[in-house]
Structure formats: C-alpha cells, structure tokens
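Q: Next up is a structure, given as structure tokens.
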Amino acid sequence: MASGGANYRNGTQRNSLKGTTTATDRQLSMNLNPSKAALKNKSLSSVGASSGLRKSSPGSLGGGTAKDDAGVPGRVRVAVRLRPRNAEESVADADFADCVELQPEFKRLKLRKNNWDTDTYEFDEVLTEFASQKRVYEVVAKPVVESVLDGYNGTVMAYGQTGTGKTYTLGRLGEEDTADRGIIVRAMEDILADVSLESDSVSVSYLQLYMESLQDLLDPTNDNISIVEDPKSGDVSLPGATLVEIRDQQSFLELLQLGEAHRYAANTRLNTESSRSHALLMVHVKRSVKGRELAHSSQNGNSTNMAKSLRPTLVRKGKLVVVDLAGSERIDKSGSEGHTLEEAKSINLSLSALGKCINALAENSAHVPVRDSKLTRLLRDSFGGTARTSLVITIGPSPRHRGETTSTIMFGQRAMKVENMLKLKEEFDYKSLARKLDIQLDKLIMEHERKQKAFEEEIERITTDTQNQISEAERNYADAMEKERLKYQKDYMESIKKLEEKWMMNQHKLGERKDQMASTAEEVAELQKLLSKETSLRKAAEEEVNNLKSQLAQLKMSEASANSEILKLQKMLEDEAYRKEKLEGEISMLQTQLLQLSFEADETRRRLDRGGPGKVLGGLDSLISQVRPQVNDSVNEEKASIANLFEQVGLQKILSLLEAEDADVRIHAVKVVANLAAEESNQQKIVEAGGLTSLLLLLGSSEDEMIHRVAAGAIANLAMNETNQELILSEGGIRLLSITAANAEDPQTLRMVAGAIANLCGNDKLQNKLRDEGGIKALLGMVKCGHPDVLAQVARGIANFAKCESRASAQGSKTGRSLLIEDGALPWIVQNANNDVSPIRRHIELAVCHLAQHEVNARDMITGGALWELVRISQDCSREDIRTLAHRTLTSSPTFLAELRRLRIDY
Ligand code: ADP
Ligand code: MG
C-alpha cells in the first residue's frame with residue numbers, strides 16, 4: 001500500500017484533488033440559502049405545554065459505557081446545539097429576544113411560547129452558541145468513536161432546519177483554523193491514532209441519498225447503489241459502493257474534498273441543493289485484537305506461549321456512520337423550485353420516514369416502518385438497532401423560525417426515548433490459524449527427521465566403538481591367559497620334578513633310619529615353603545584373571561543394545577574357550593596333583609612324627625594310591641595317570657576335602673574348587689557334585705577369612721549362571737553371604753560377597769525373594785567399608801536390580817514402587833550418582849534412569865533429590881546413550897515435567 005494516498009478498491013490510485021476546489025475552508029455541504037427558508041409561524045403544538053418540563057432518562061451524551069456483552073441496551077443520546085445569530089438575524093431580529101434560552105448547567109432548554117410562557121426540555125447535552133467545536137466533538141461523537149474502535153457499530157447524525165449548522169458541526173475541515181475542525185475530521189484523527197497500520201484497517205465510503213436514490217460520491221457514475229441487508233445478522237451493507245482504505249489523515253481530507261466536489265457537480269446536474277439531500281460517510285474499522293486483548297480475555301492467566309500462538313486472531317469490526325441529514329424544514333417552506341409536488345414529497349420521503357420510525361420506536365410500537373425509505377433502511381441498525389447512536393439537533397435563535405425550532409426539539413425529545421441494543425462484532429480468523437499450524441507442523445517434521453538421522457549415526461558409532469573395545473579386551477584376555485598358562489606349566493613341572501625327587505629320597509631314607517627324621521622334617525618344611533610360594537603366585541594370577549573377567553562382564557553389560565554384535569563375539573570367545581579348555585584341564589589336574597602331594601607330605605610328616613611307617617596314608621590312601629603309579633611305575637603309565645587324574649580322583653573327592661579337619665587342606669581345597677569354578681566348563685560339574693552347597697556350608701562353618709574370601713569368590717563365579725542363582729537363594733545363600741559380609745575385615749572379601757549378590761540381582765525371577773532374604777540390605781550394609789572395589793560391586797548390584805524391576809514394570813508384572821526405594825537405597829544412590837570413580841558412577845546413573853522410568857517412583861525420587869541427578873545425567877553424563885536415556889525418561893514423565901514447571905525451570 002502506498003502511504004499518503006487514498007487507495008481505491010480497484011487498486012488504482014487517483015490523483016489528489018488538491019487545487020481543484022477553490023474554497024479556503026470547505027464544508028461537506030452546499031451553501032445554505034437562508035432567504036429561501038420560508039418564514040412560517042405556526043402555533044406550537046400542545047406537546048409539552050402543560051408539563052413545562054420534558055423529562056427523559058438522565059445521563060450525559062458520553063455517559064453510557066458499553067459492556068463487552070453481546071447485547072447491551074443503550075439509549076440514543078441527544079444533544080442540542082444553538083447556532084449564534086448571523087449577520088442578517090442580528091439586524092432583522094435586533095428588537096426580539098431569541099426564541100430559546102439555554103441552561104447548559106442544568107442541561108435544559110427553555111422554549112419561549114410567547115412573552116410570558118416557556119416550555120422547558122431536558123437533553124443529554126445542551127450546547128450554547130459559544131460551545132467550541134472541540135467540546136461538541138467530545139460530548140457528541142467521541143464516545144461513539146471509542147465504541148467503534150471497540151468493535152461496535154456507531155452512528156452520529158445531525159438533524160435540524162437548513163442553516164442551523166448541521167454541516168458546520170459535522171463536516172467542517174478546519175483547513176484555515178484547526179479549532180474549526182468538525183466531527184468527521186476529528187473522528188478520523190482519533191481512529192487513525194488508535195489503530196495499528198500493520199494489523200488493522202480503516203476504509204471509507206461516502207454517499208449521497210437524494211430522492212430515494214443512493215449515489216456514490218467517490219465514483220459519480222455509480223448513482224444507484226443498492227442496499228443489502230443480511231437477514232440473519234440484520235447488518236446493512238452496500239456492496240456496490242466504492243470502499244477506500246485510509247492510511248493517513250491527509251489522504252482522508254483529500255478524499256472528503258473529492259466527494260464534496262462530486263456532490264456539488266451532481267446537485268448542479270440535478271438542479272437541487274445539498275440541503276435537500278442526505279450525506280452519509282461510512283468508516284469501517286477492522287482490528288485484530290490478538291495480543292492486545294489477550295490478558296483480558298484469558299482469565300486464569302496461565303495460558304502458555306504455545307497456546308497464545310495457536311489462538312486464532314480475533315477480528316473486531318466496527319462501523320461508524322456519520323449522517324448529515326437533509327434540512328428538516330417542510331418542503332413547502334423551503335421552497336421547491338423546479339419540482340412538482342410529487343418530487344417534493346419524494347425529496348423528503350426519507351426524512352419523514354425517519355420521523356415516523358422514531359415515533360414508533362419512542363412509543364414502543366410493535367411495527368416500525370423501516371422499509372418505507374432508503375434512509376430508514378440504511379439506518380435500520382442505528383435507531384432501535386444494534387448501534388451506539390448520538391444525535392445532535394441544531395437550532396437557530398431566530399423567533400421567526402420558532403415553528404421549525406419547536407419541531408426539531410420535539411424530534412430530539414422523541415429520539416431520546418429510543419433504546420438501542422449494542423452488539424460487539426467479533427469473528428475468528430481461522431484461516432491464518434490453519435496456516436500457522438501448517439508451518440509449525442512442517443518445522444516439527446523437519447526437526448524429527450534431522451534428529452532421527454543423528455540418532456542412527458550415533459548408534460552406528462557406538463556399535464563400532466564397542467566392537468573395537470571387545471576385540472581389544474579379548475586380545476588382552478587371551479594374551480594374559482596364555483602367559484599365565486605357560487608360567488604355571490613351567491612352575492608346576494619344576495615343582496613336581498622336585499617333589500618327585502624328594503619323595504624318592506624320602507622313601508629311601510625312611511626305609512633306612514630313624515635318625516634321618518630330622519632332615520626329612522626340614523625337607524618337608526622346605527616343601528611347604530615352596531608350596532606356599534606357588535600358592536601366592538597362583539593367587540596373583542587368579543586375581544588377574546578375575547579382574548579381566550569383571551572387565552569383560554562390564555563390557556558385556558554395557559553392550560546390551562549391541563546384542564547381535566556381542567553374540568558374534570561370544571561365539572568367537574566360546575571357540576577360544578574351547579581351545580583353552582584342554583590346557584586348563586591340564587592345569588587343574590596339576591593343581592589337584594599338587595594338592596595330593598601336599599597331603600601325602602603331610603601324612604608322611606605325621607607318620608614320622610608318630611615314629612613308624614605303619615598306615616601312613618590314613619583316609620587319603622586310596623587317593624594317594626592312584627597318584628602313586630606316577631612315582632613308581634614307568635613313564636608311559638605316568639602320563640596316562642596325569643591325564644586321567646581329574647576324572648580318576650573325582651571332583652567328589654576334592655569337594656570332600658573342603659570339610660577336611662586340617663585348615664591348610666581346607667584352604668587349598670577351596671582354592672582348587674575356586675579355580676575350577678572360574679571356568680564356565682567346570683561350573684555345572686561342580687554344582688552337580690554338590691560343590692555349591694559345600695561352598696555355602698563352608699561360608700557358614702569356617703572362621704577363616706581367607707576361606708571366606710575364596711569361597712565367596714567361587715560362589716560369585718557360580719552365581720553368573722541362572723540355575724545356580726536359584727540354588728544359591730534356595731540354600732539360604734543370601735543369609736550366609738550377609739553374615740560373611742558382616743564379619744569380614746578384608747575389603748576383597750566384601751568385594752567377592754558384593755559381586756556374588758550383584759550377580760543375583762540381575763535375575764528377573766528372583767527379585768522378590770532376593771529382597772525378602774535381605775539381599776538389598778546386605779548390599780547397602782557393605783558400603784560403609786568405603787573401598788571403591790566394593791562400592792563398584794554394590795552399584796552394579798543396584799543397577800542390575802533396577803534394570804530387572806524396570807523390565808518387570810514395563811511388562812506389567814510389577815506395580816508398586818521400587819523395592820530399592822522401599823529398602824532405603826535412594827539416599828545412597830543420590831549421594832553416589834556423581835561418584836568420582838567412573839564404574840560406580842556409571843552403574844548408579846543407569847540405576848537412576850531405570851528407577852525414573854516408572855511414575856510410581858517419581859514422587860520419592862523428587863523428594864529424595866534424585867530428580868536433580870537425573871537432570872544432571874541428561875545434561876552432563878559423558879556417555880551419550882545414558883544421557884539420551886535420562887533425557888527421554890525425564891521428558892516422558894508427567895510428574896517430573898510438572899515438578900520442573902512448578903519450579904519454573906525451563907527444561
Ligand atoms: P446546515 O448544514 O444545517 O444547513 P450550515 O452548517 O451550512 O447549516 O450553517 C449555516 C451557516 O451558519 C454557515 O455559514 C455556518 O458557517 C454558520 N454556522 C452554523 N453553525 C455555526 C456556529 N456554531 N458558529 C458559527 N457559525 C455557524
Ligand atoms: Mg448542510
């Protein structure tokens with residue numbers, strides 16, 4: 001839109017008419033020719049004669065405030081304005097008093113009937129000959145303009161005898177002196193000051209109604225515009241009239257001048273005067289009230305930005321109609337030169353129809369003849385309609401026109417009784433809302449696609465990383481195993497060789513003399529030293545192997561998502577394990593053999609102690625007899641014996657040694673069993689042979705912490721298998737492990753116990769039982785030791801448990817809140833969720849995520865401070881998968897989101 005010019009409906013811009021008219025201060029009307037107004041002194045009608053004071057309902061012209069209801073009755077406000085005497089009257093009426101006397105302070109007008117009698121009338125506003133144009137605008141029109149800006153229809157009309165100042169009041173442009181500006185110019189100034197040029201629009205039509213034909217003053221060729229009434233809303237519109245959008249005051253003034261010029265030309269052509277036609281200016285104000293009125297319309301005040309942006313724009317439409325009516329004098333009085341009586345009647349048909357309508361409305365009559373004339377059809381919604389209406393009646397002071405003045409006053413009095421129904425015109429702009437939603441949807445789809453792509457890439461990256469990590473761990477494991485195996489093999493071979501030699505020597509010596517006993521005892525002591533060296537070497541190796549195992553187990557755990565990859569690698573591992581199995585079998589066999597030799601030496605020592613060869617081997621003789629061929633027989637037999645030793649001696653036998661009286665024997669036996677249990681291939685055999693039960697018994701019966709530690713380690717290894725887990729629980733393992741933990745002083749013992757329970761925690765079927773037996777409490781009891789290795793196992797147990805619970809909840813098999821929370825694990829979880837030791841931290845972060853996935857836990861997590869850990873994990877965790885899990889968990893929990901909102905935290 002070009003600014004500064006008037007834009008027309010057809011889109012072309014016309015040149016301003018500046019300079020085409022000559023008057024310095026034009027008005028929107030033709031000249032008044034007072035001489036033509038015939039003087040007719042008709043006696044005043046009896047109206048009001050007796051009462052003297054005509055009362056109408058009180059209230060000033062601007063007093064009625066529109067409520068925002070759909071329909072509020074508003075009475076037509078009526079002001080009376082007296083024109084000052086003009087030059088002619090000053091001379092002609094010099095000796096006479098004015099026919100009216102105004103009492104503006106009482107809003108009264110006294111009409112002199114004769115020298116001694118007056119009638120008094122009350123109006124909403126009484127404007128004397130000294131009233132300024134500004135004041136007239138403010139009391140007559142400003143309230144109407146304000147309600148148009150609020151979305152109501154409004155009408156301002158001037159009624160009165162020709163020459164009394166209707167056009168002066170409404171249409172003066174005030175080009176010479178701005179104080180002279182009339183209602184139309186001031187109204188547009190107020191409207192333009194209040195609307196926003198971006199979101200609102202103001203457009204005008206300007207028309208003349210003459211002899212029941214409606215002419216477009218903005219397009220003179222258009223001289224028979226039809227009136228269209230909406231049967232439903234009762235709205236009146238003129239689709240044929242030119243509608244010009246106004247963007248500034250200057251273009252509006254130019255438009256008024258253009259209309260005025262056309263009116264002059266039309267009246268010249270019709271040989272009439274403007275006093276006989278009605279001029280109508282229509283201003284359409286369309287405003288979008290979104291934002292401006294929002295606070296007002298949303299009562300609870302908590303509508304979000306989203307809701308705001310989705311609210312359709314509300315469009316309020318107001319229409320201001322300013323009507324400069326034809327002179328109210330009777331046609332025969334103003335003269336009808338050049339017109340027949342019929343024409344004369346037609347000229348004022350509209351005005352008399354307006355009078356009839358007002359009478360009918362004032363008397364509350366059932367039938368209001370609005371259809372009788374075009375004017376009444378046009379003003380249908382101004383009187384008794386849905387508009388706010390102000391009427392200014394103009395009168396002159398001259399007693400010569402008392403009759404006209406009286407009838408004007410009576411018209412005003414009747415109009416004061418007319419009640420209107422205000423109606424707010426609002427409608428929703430659903431089209432632009434739909435457009436907005438479309439754009440928003442597109443954005444969301446784009447965002448979603450982008451995120452999905454990033455997610456897929458991330459998965460791929462994690463899978464590759466994991467593969468690399470696993471193969472590296474595999475390599476390390478294999479290397480370490482190989483190294484250990486070679487070392488063992490070598491050491492054992494040497495030890496065996498030495499023992500054999502010693503054995504042979506002992507045999508020999510024993511057969512000879514008692515006095516060699518002392519030296520034999522020394523040798524036995526030496527042998528024992530050797531044996532303990534071997535044992536400590538093996539212990540170190542065991543620990544190394546265990547470390548590697550737990551590393552591998554951790555990697556396996558964190559890689560649940562890359563299951564297929566892991567399966568592949570596991571298969572490779574199994575192949576590898578199978579290859580190692582033979583070697584390990586040999587190691588075990590050697591271990592067993594060593595054990596036996598130690599027993600034998602033991603026995604030998606005892607026999608020597610007792611002073612004779614006798615029954616040396618006691619309860620172990622069958623065992624030894626099976627070992628003996630190694631020593632005594634040929635080399636071939638020896639090899640076969642070693643290979644079959646494990647089977648021959650029997651696991652059963654080794655296990656029976658767990659109950660041996662001698663503490664050293666028990667320690668060695670439990671170590672052998674622990675070593676065997678470290679191998680998956682042996683585990684089933686051990687359990688079937690009752691090894692697990694024996695180990696558990698040993699935990700209960702032994703007081704030796706080393707036995708506790710090794711036995712717990714063996715149980716932890718066996719507890720990796722699901723069947724064994726059930727067995728451990730059914731045999732009271734949790735209670736035994738708890739007691740062991742309670743008495744332990746060595747953190748490594750606690751680590752083994754915690755590791756065993758942590759493995760049990762990962763069994764979906766055993767959750768409730770494990771908890772009932774005190775498993776969670778036992779885990780939590782171990783944290784006071786503070787050793788990071790122990791804490792890591794506790795954390796792993798909690799994470800395992802939380803994961804199983806989360807799975808069970810998702811499948812619907814668990815409903816209540818977490819047993820971990822029930823057992824008081826939450827404070828420790830919250831305290832260690834950001835532990836410096838990364839395995840502890842990782843396990844707990846996972847546990848927090850699992851707990852958070854279930855709304856039943858949300859309240860406890862909020863009060864326990866876990867929500868903040870979840871928020872931290874979702875933002876700071878260095879592992880992206882956990883970070884994403886935490887974020888997803890947070891955003892899908894209504895309770896967490898509500899809490900964050902309640903704390904006004906934008907997440
Ligand atoms: P109408 O439109 O009712 O026929 P006009 O507005 O043309 O009357 O006024 C007739 C004459 O009286 C004009 O010359 C106008 O300037 C003058 N006039 C009307 N009202 C006033 C007023 N309040 N003060 C001064 N002059 C006025
Ligand atoms: Mg006029």
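The values are calculated or read from the model by the stated rules, or taken from the named source; none is laboratory data. From a predicted model like this one, the values you see are computed outputs, not experimental measurements. Note that each Cβ is placed from the backbone with ideal geometry, even for glycine, and that neighbours are counted across all protein chains shown. For accessibility, only protein heavy atoms count, side chains too; no ligands or nucleic acids. Shrake-Rupley method; radii C 1.70, N 1.55, O 1.52, S 1.80 Å.
Q: Could you check the stretch 100-132 and list, in sequence order, the residues that are away from ligand 1 (no atom under 16 Å from the Cβ) and assigned to a loop (DSSP other than H, G, I, E, B)?
A: Selection gives LYS107, LYS113, ASN114, ASN115, TRP116, ASP117, PHE123, ASP124.
Q: Quick one: is ALA241 modelled with pLDDT of 95 or more and within 16 Å of ligand 1 (Cβ to nearest atom)?
A: no
Q: Also, I was wondering about something else. Here is a list: GLU584, GLU543, GLU565. Which entry is at pLDDT 80 or above and assigned to a helix (DSSP H, G or I)?
A: After ruling out the rest, the residue left standing is GLU543.
Q: For the stretch 814-827, indicate whether the set of residues that are closer than 25 Å to PHE455 by Cα and not acidic (Asp, Glu) is non-empty.
A: Taking every residue of the stretch 814-827 in turn, none turns out to be closer than 25 Å to PHE455 by Cα and not acidic (Asp, Glu).
Q: Next question, about the same structure. Mind listing whichever residues of the stretch 786-812 are assigned to a helix (DSSP H, G or I) and either free of Cβ contacts under 8 Å to residues at least 40 places away in the same chain or hydroxyl-bearing (Ser, Thr, Tyr) (or both)?
A: SER806, SER809, GLN811 - these are the residues of the stretch 786-812 that are assigned to a helix (DSSP H, G or I) and either free of Cβ contacts under 8 Å to residues at least 40 places away in the same chain or hydroxyl-bearing (Ser, Thr, Tyr) (or both).
Q: Testing GLY174 on (1) within 14 Å of ligand 1 (Cβ to nearest atom); (2) outside any loop (DSSP other than H, G, I, E, B), one condition comes back false. Which one is that?
A: (2)
Q: Further question on the same structure: Just to be sure I understand, how many residues within the stretch 742-756 are surrounded by fewer than 24 Cβ atoms within 10 Å (Cβ to Cβ) and of a type outside the set (A, V, I, L, M)?
A: Summing the residues that are surrounded by fewer than 24 Cβ atoms within 10 Å (Cβ to Cβ) and of a type outside the set (A, V, I, L, M) in the stretch 742-756 gives 5.
Q: Being touching a Gly at 6+ places or on another chain (Cβ under 7 Å) and more than 20 Å from LYS166 (Cα to Cα) is the filter; apply it to the stretch 235-279 and report the residue that is nearest to ligand 2 (Cβ to nearest atom).
A: Applying the filter and picking the extreme gives ASN271.
Q: Would you confirm whether any residue within the stretch 379-392 is of a type in the set (Val, Ile, Thr), crowded, with 19+ Cβ neighbours inside 10 Å, modelled with pLDDT of 90 or more and not in a helix (DSSP H, G or I)?
A: Within the stretch 379-392, one or more residues are of a type in the set (Val, Ile, Thr), crowded, with 19+ Cβ neighbours inside 10 Å, modelled with pLDDT of 90 or more and not in a helix (DSSP H, G or I).
Q: Is it the case, given these coordinates, that SER147 is more than 16 Å from ligand 2 (Cβ to nearest atom), assigned by the TED database to the domain that holds ILE246, closer than 21 Å to ARG247 by Cα and open to solvent by 10 Å² or more (accessible area, probe 1.4 Å)?
A: No: the conditions fail for SER147.
Q: Moving on. Restricting the search to the stretch 757-791, which residues are open to solvent by less than 40 Å² (accessible area, probe 1.4 Å) and in contact with a Pro (Cβ under 8 Å, 6 or more places away or on another chain)?
A: VAL790
Q: Something else: At least 2 residues that are among the small types (Gly, Ala, Ser) in each: list the helices (runs of 4 or more DSSP H) lying fully within the stretch 675-732 that qualify.
A: It comes to 691-701, 705-718.
Q: Quick check on the stretch 341-349. Is at least one of its residues charged (D, E, K, R), within 16 Å of ligand 1 (Cβ to nearest atom) and either surrounded by fewer than 24 Cβ atoms within 10 Å (Cβ to Cβ) or modelled with pLDDT under 90 (or both)?
A: no
Q: Here is a follow-up. Taking the stretch 824-854, which residues are open to solvent by 20 Å² or more (accessible area, probe 1.4 Å) and under 16 Å from ARG771 (Cα atoms)?
A: GLY824 - this is the single residue of the stretch 824-854 that is open to solvent by 20 Å² or more (accessible area, probe 1.4 Å) and under 16 Å from ARG771 (Cα atoms).
Q: From the list TYR168, TYR137, TYR159, which residue is in a strand (DSSP E or B) and within 16 Å of ligand 1 (Cβ to nearest atom)?
A: Of the residues listed, the single one that is in a strand (DSSP E or B) and within 16 Å of ligand 1 (Cβ to nearest atom) is TYR159.
Q: Restricting to the stretch 892-907, name every residue that is open to solvent by less than 60 Å² (accessible area, probe 1.4 Å) and either farther than 20 Å from GLU845 by Cβ or part of a helix (DSSP H, G or I) (or both).
A: Answer for the stretch 892-907, where residues must be open to solvent by less than 60 Å² (accessible area, probe 1.4 Å) and either farther than 20 Å from GLU845 by Cβ or part of a helix (DSSP H, G or I) (or both): THR895, PHE896, LEU897, ALA898, GLU899, LEU900.
Q: Under 7 Å between Cβ atoms, at least 6 apart or on separate chains: pull out the pairs that start in the stretch 266-278 with a residue that is assigned by the TED database to the domain that holds ASP324 and end on any residue that is away from ligand 1 (no atom under 16 Å from the Cβ).
A: ALA266/GLN215; ALA266/PRO220; ASN271/GLY338; HIS278/SER350; HIS278/LEU375
Q: State the number of residues belonging to the stretch 165-190 that are open to solvent by 10 Å² or more (accessible area, probe 1.4 Å), within 16 Å of ligand 2 (Cβ to nearest atom) and of a type in the set (Val, Ile, Thr).
A: Counting residues in the stretch 165-190 that are open to solvent by 10 Å² or more (accessible area, probe 1.4 Å), within 16 Å of ligand 2 (Cβ to nearest atom) and of a type in the set (Val, Ile, Thr) gives 2.
Q: Let me ask something additional. For the stretch 568-581: of the residues being open to solvent by 40 Å² or more (accessible area, probe 1.4 Å) and not acidic (Asp, Glu), which is modelled with the lowest pLDDT?
A: ARG579
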